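Contents: one structure, followed by commentary.
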Amino acid sequence: MDERQLKRLLTEIAHEEIPDDMNVWHEIRQQVETANSRTTRRGFRLVRTGLLAALFVLATAVAYAVYQGLIGSDPGLDAVNQANLVTTIEETQELGGDYDWAVTLHYAYADANRITVGYTVTGAAPARDQLRPFTNTLLRDSTGRQYTWLPVGGGGGGGGGGSSDPDALVPFEDNIGASFDASIIDDAPESLDLTLTIQLAYATEDARQEFGPDVMLPAGDVTFEFTVPFIAGHRYDGPQTASASAIDMTLQDVVVAPSLTRLDLCFAAPPSDNGKPWAAFADVTVDGNVVVEDFQLLSPIVPVADSDCQQYVMPLSLVEYVESGEWTLTIAALRAPDTESPDTVIQRMRDEAGINITPLEDGGYMFSEPLPEDMTAASAALADILSEEQQTLEGPWVFQWRFE
Amino acid sequence: MASLVERYQVHAARVAYLITQDRSQAEDVVQAAFLRAYRSIDGFDPRRPFQPWFMRIVVNQALQTVQRDRRELSLDGDRQAGDPSFMLHDPGPTLESIAEQTELKQQVRQALKALAPEERAAVVMRYYLDFTEREIAAALERPAGTVKWRLHEARKQLRTLLGETEAEEG
């Protein structure tokens, strides 16, 4: 028996034992959701600049939700979901076509900081097509406001089966949670009349072969009209200014809403060594109790051009602390991502945490096999070392206020 | 994530099955491997091929599962790596001479089961996943020489086991 025969026999054995339609997606999704609910705030420190850059590129062109599944958990949305603040819609629109497209809008939610919709795209395609669905969402309200996409929340998504028969129809399913910036709402309406357009696109294996891996072919769009209650936020209006590292930082205002906390910050820092935007790391205490620790503020997808003032968000629900008393926001440091020496980081991870990591070409690191047993602790160790090795402008910039 | 699961779950389960030799364990391995991949996805470069990176996780997860389950291995009466009595068997006919026999697949099944888990993983990576010896070494975090030796031993033992089975049946 030669190697080719051995390979053929191994393949036959594997195919006999594991059928083409084996599907463990539901079990995996349950475990992922459980893992997400356990995610600590510290986990957000590892949001990759590369990912945010990818989101930026997508947002400036067409924000197809291909990257959403990688963004991670969304404690703010989890909180409003658990508080039964989302509006159930469950409306399905069928687009039909070759792949029998249908879109179900499951829920919507709106507060002063964001609007979120959850929907599922389903259909069926011949196995030979190896179809991947994509969606892009456009949201506007009855007053004409158009909402831009927020880089928070996540996708998720469903799986489909497989088949050895290339003509067999294989169902596909994609579950998306899309969030939009609601800060342009300058009043406090009781509800919002919204129009959501979901554009559908897809890629098949043939298309990828012909046009490249990033090809997307339009499939059409569906539109939903619905009304959702609006929850006003709690607002602190500054400004107040703090100084550190010869940099003045001004907090213009803070808006706390059930699903998200928004900060408008202004500062003029010198360019980082690699020209990438500075990332701000924040702590929040209320009456001396730590409620947010070492959290990397999420930068806007589209920065305000030629301005030192930008809007930052934390997808955390902090409304329970609004009535408590004095808030203290501490920007502990500004760090420039990917300015560290990878060799130094690798060596320190090995020496200090006993963990091997591999650098990636575009910045960032991957844990080597075997993966650490405690990924949370390993991620925290990596974040700590990165924070020490990256180019840093030390704070603290400290701001204090009470909500009226 | 859903599209990754859809695309790789069956292949991953087949790899896991060949190593664990247990369907239920293979499904558990796939779930655990995707969860591990998900937890470390912020360190994964999406422009790189996902499959080799993920299959390394699957192989290691399968090995961990098998090694944790020593009780089941002993109930199966599997040979432990390095068992000297095993090495004394006559290799019997060449593998080429029995390739056409209808029972060959069943014999390969039994031979696979009798290999030590790490040898089985090496065989699966080399002959099912088409990994190079260097890639296997990286996946198992073993020196290349160790992998080469392990593959050599596994091939020899496969031949021996196949020969032994045929002799018993004949």
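The values are calculated or read from the model by the stated rules, or taken from the named source; none is laboratory data. Keep in mind that this is a model prediction, so the values were computed, not measured. All Cβ positions, glycine included, derive from the backbone under ideal geometry; neighbour counts span all protein chains shown.
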Cross-chain or 6+ apart pairs with Cβ under 7 Å, segment B:15-30 first and over 20 Å from B:ASP130 (Cα atoms) and assigned by TED's automatic domain parsing to the domain that holds B:ASN60, then among the hydrophobic types (A, V, I, L, M, F, W, C) and assigned to a helix (DSSP H, G or I): B:GLU27/B:ALA13; B:VAL29/B:ALA16; B:VAL29/B:VAL58; B:VAL29/B:ALA62
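Give me a count of the residues in segment A:360-404 that are under 30 Å from B:LEU35 (Cβ atoms), of a type in the set (Gly, Ala, Ser) and outside any helix (DSSP H, G or I).
Step one: of segment A:360-404, the residues under 30 Å from B:LEU35 (Cβ atoms) are A:360-390.
From what is left, the residues that are of a type in the set (Gly, Ala, Ser) are A:363-364, A:368, A:377-381, A:383, A:387.
Narrowing the set further to residues that are outside any helix (DSSP H, G or I) leaves A:363-364, A:368.
Number of matching residues: 3.
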Residue check, A:GLN311 within 14 Å of chain B (Cβ to nearest Cβ), of a type in the set (S, T, N, Q) and either surrounded by 18 or more Cβ atoms within 10 Å (Cβ to Cβ) or in contact with a Gly (Cβ under 6 Å, 6 or more places away or on another chain) (or both): no
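Residues of segment A:310-332 being touching a Ser or Thr at 6+ places or on another chain (Cβ under 8 Å) and in a loop (DSSP other than H, G, I, E, B), which ones?
Quick first cut of segment A:310-332, residues touching a Ser or Thr at 6+ places or on another chain (Cβ under 8 Å) only: A:310-318, A:327-328, A:330.
The answer is A:PRO315, A:LEU316, A:SER317, A:LEU318.
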Residue in segment A:248-255 that is in contact with a Gly (Cβ under 9 Å, 6 or more places away or on another chain) and within 20 Å of A:PRO151 (Cβ to Cβ) present: yes
Residues located in segment A:1-10, provided they are within 7 Å of chain B (Cβ to nearest Cβ) and assigned to a helix (DSSP H, G or I): A:GLU3, A:GLN5, A:LEU6, A:LYS7, A:LEU9, A:LEU10
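Just wondering, is there one or more residues in segment B:35-49 that are at pLDDT 85 or above and either in a helix (DSSP H, G or I) or more than 9 Å from chain A (Cβ to nearest Cβ) (or both)?
As a first pass, look at segment B:35-49 and keep what is at pLDDT 85 or above: none.
Within segment B:35-49, none of the residues are at pLDDT 85 or above and either in a helix (DSSP H, G or I) or more than 9 Å from chain A (Cβ to nearest Cβ) (or both).
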Residue match in segment A:16-30 (condition: modelled with pLDDT under 85 and farther than 23 Å from B:PHE34 by Cβ): no
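Looking at the structure I just gave you, is A:GLN199 modelled with pLDDT under 90 and part of a strand (DSSP E or B)? Outline the logic, then answer.
Values: modelled with pLDDT under 90: yes; part of a strand (DSSP E or B): yes.
For A:GLN199, the condition - modelled with pLDDT under 90 and part of a strand (DSSP E or B) - is met.
Residues of segment A:326-346 being among the aliphatic types (A, V, I, L, M) and touching a residue at least 60 places away in the same chain (Cβ under 8 Å), which ones? Outline the logic, then answer.
Going through segment A:326-346, the residues among the aliphatic types (A, V, I, L, M) turn out to be A:329, A:331-334, A:336, A:345-346.
Those that are among the aliphatic types (A, V, I, L, M) and touching a residue at least 60 places away in the same chain (Cβ under 8 Å): A:LEU329, A:ILE331, A:ALA332, A:ALA333, A:LEU334, A:ALA336.
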Filtered residues of segment A:236-263 (kept if outside any strand (DSSP E or B) and surrounded by 15 or more Cβ atoms within 10 Å (Cβ to Cβ)): A:SER245, A:PRO258, A:SER259
Every residue from segment B:140-156 that is within 13 Å of another protein chain (Cβ to nearest Cβ) and surrounded by 17 or more Cβ atoms within 10 Å (Cβ to Cβ): B:LEU140, B:LEU151, B:ALA154, B:ARG155
A:ASP174 assigned by TED's automatic domain parsing to the domain that holds A:TRP401 and at pLDDT below 95: no
Test for A:MET349: is it touching a residue at least 24 places away in the same chain (Cβ under 8 Å) and within 12 Å of chain B (Cβ to nearest Cβ): yes
